[in-house]
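Structure first, then comments.
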Amino acid sequence: MDQGTSNLPRSTHTREIIWKLAEAGMNVARLNIGVGTPDCVSVNYDDFVNDVEVGDMLLVDGGMMSLMVKSKTEDSVICEVIDGGELKSRRHLNVRGKSATLPSITEKDWDDIKFGVDNKIDFYAVSFVKDAAVVHELKNYLNNIHVIVKIESADSIPNLHSIITASDGVSIFINT
C-alpha cells in the first residue's frame, strides 16, 4: 500500500477499517503478544514468541489463513499474510511443523471441565493430545464421563496407539 496516496490508517482494531485496509492491498499483519492494541492482534499464549522463528508458517483456523513470520522482537512477531481471510477472535493458531509448549489442558479448560461435571455432561473432548497421560488424568477427574481426544498435530503420532486405547473416541485433524 502506498502511504503517500492512501488516506487509510496503517493500524486499527475495527473490522471496518481492517476490511478497507485489505481491499486497499494490505498484505502484512503484525501480531503483538499478550496485549491487544489498535495496531496488532494479540495471542493469549505467553510462550508464542519463543515458539516461533523467522521463516515459520503460521496457520490460522486449520490453514484457512496463513502468515509467514518475517521478524520478531522480545514481545512481538511481525508476519506477512500469505493466504488472507477474515480474522475472528479465539481462532486456533498453529506453527507448521512445530509443537507448542502449551499444556493439553489449560487452567481455563479445568474451569470449563468443572462446569461440565457440575452440569452432568456425557462427553468431554480434549484438543492437542500428545500422549495418553493427559487422557488418564482427565478420566480420573471426570469419573464416568467419556473422553474424546482430538489429534491435531504430528506430535501425537508416536503415541497414537496408547492415546486411542486410553480414550473413548477420537477426532483426527492433521494440518499439512
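Would you mind calculating the gained length between Asp46 and Ser89 on full extension (0.36 nm times residue separation, minus the Cα-Cα distance), in nm to one decimal?
Values: separation 43, 0.36 × 43 = 15.48 nm, distance 1.70 nm.
Taking 0.36 nm per residue and subtracting the Cα distance, the gain is 13.8 nm.
Among Ser162, Ser89, which comes first, second and so on when ranked by fewest other beta-carbon atoms within 10 Å?
The order, fewest Cβ neighbours first, is Ser89, Ser162.
List the lysines whose Cα sits under 26 Å from the Cα of Lys88, skipping any in the same chain fewer than 8 residues away.
Here the lysines satisfying the reach criterion relative to Lys88 are Lys20, Lys70, Lys72, Lys98, Lys108, Lys150.
Can you list which of the trypsin sites (Lys or Arg not before Pro) found in the stretch 61-151 are DSSP loop residues with at most 11 other C-beta atoms within 10 Å?
Lys88, Arg90, Lys120
Please report the antiparallel percentage of the DSSP beta bridges confined to the stretch 50-176, to the nearest 5.
Antiparallel bridges make up about 60 percent of those DSSP assigns within the stretch 50-176.
Sort the stretch 62-176 into rounded, prolate or oblate with this rule: let a ≥ b ≥ c be the square roots of the eigenvalues of the Cα gyration tensor; rounded if a/c is under 1.5, and if a/c is not under 1.5, prolate when a/b is larger than b/c, oblate otherwise.
Here the stretch 62-176 falls in the prolate category.
For Ala154 and Phe173 in one chain, what is 0.36 nm times their gap in residues minus the Cα-Cα distance, to one decimal in nm?
5.9 nm
Based on other C-beta atoms within 10 Å, arrange Ile163, Ile121 from fewest to most.
Ile121, Ile163
Using only the Cα atoms of the stretch 107-172, what do you get for the radius of gyration and for Dmax, in Å?
11.4, 35
Counting other beta carbons within 10 Å of each residue's own, what order do Ile157, Ile164 fall into, fewest first?
Fewest to most other Cβ atoms nearby, the residues stand as Ile157, Ile164.
Can you grab the distance from the C-alpha centre of the stretch 145-166 to the C-alpha centre of the stretch 58-134, Å, no decimals?
16
Taken together, the values in this text are just the output of simple stated rules run on the coordinates, not laboratory data. These figures come from a predicted structure and were not determined experimentally. Backbone-built Cβ (ideal geometry, glycine too); neighbour counts: all protein chains shown.
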